[in-house]
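None of the figures in this text is laboratory data; all of them are computed from the coordinates on show. None of these values were measured; they are calculated from a predicted model. Heads up, the Cβs are rebuilt from the backbone with ideal geometry, glycines too, and the neighbour counts pull from every protein chain shown.
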Amino acid sequence: MSVEHVEETAGDGDEAQAGVTTTAAVAVTYYPIAPGVRLNVRSGPGTSYPIVKVLPEGTRVPIFCQTSGTLVSGPYGTTNIWDNIADSQFVSDAYVQTGSDGYIAPRCA
């Protein structure tokens, strides 16, 4: 989906110049965390990073990108994949039901 915005500005003479700005909306998919789990959210992709908050049971999270980090075992297997759910907020993919054992989002830069 794109939105177009056209601006007209006065030129030097009788001519008008048009500037066009196009933006795209990105669909975000939310994934459930494992049932019965209160999930630690960390500031980086690993268990050595500080906990910044704890997600309550039944939370669904967006995954903006994924990166490798500490190996973690959870309800959905053992993995070193960490999901970026917000700016400087990561959760282990072992606790997120993505339907895959591998990467489902772009790698974090």
Exercise for the section: Apply the Karplus parameterisation 6.51 cos²θ - 1.76 cosθ + 1.60, with θ equal to phi minus 60°, to every residue of the range 93-101 and state each ³J(HN,Hα) to the nearest whole Hz, in sequence, with x for glycine and proline. Expected result: 5, 5, 10, 10, 7, 9, x, 9, 8
Problem - 5 angstrom amide H check on residue 70, placed H, neighbours 5+ away - result: 46, 47
Handout entry: Normalised alpha carbon radius of gyration of the range 31-109 [divisor 2.2 N^0.38 Å]
Key = 0.94
Problem - Nitroxide proxy distance, nm - points 7 Å out along Cα→Cβ at residue 101 and residue 38 - result: 3.2 nm
Completion exercise
Of all chymotrypsin sites (Phe, Trp or Tyr not before Pro) in the range 20-98, the ones in DSSP coil with at most 16 other Cβ atoms within 10 Å are 64
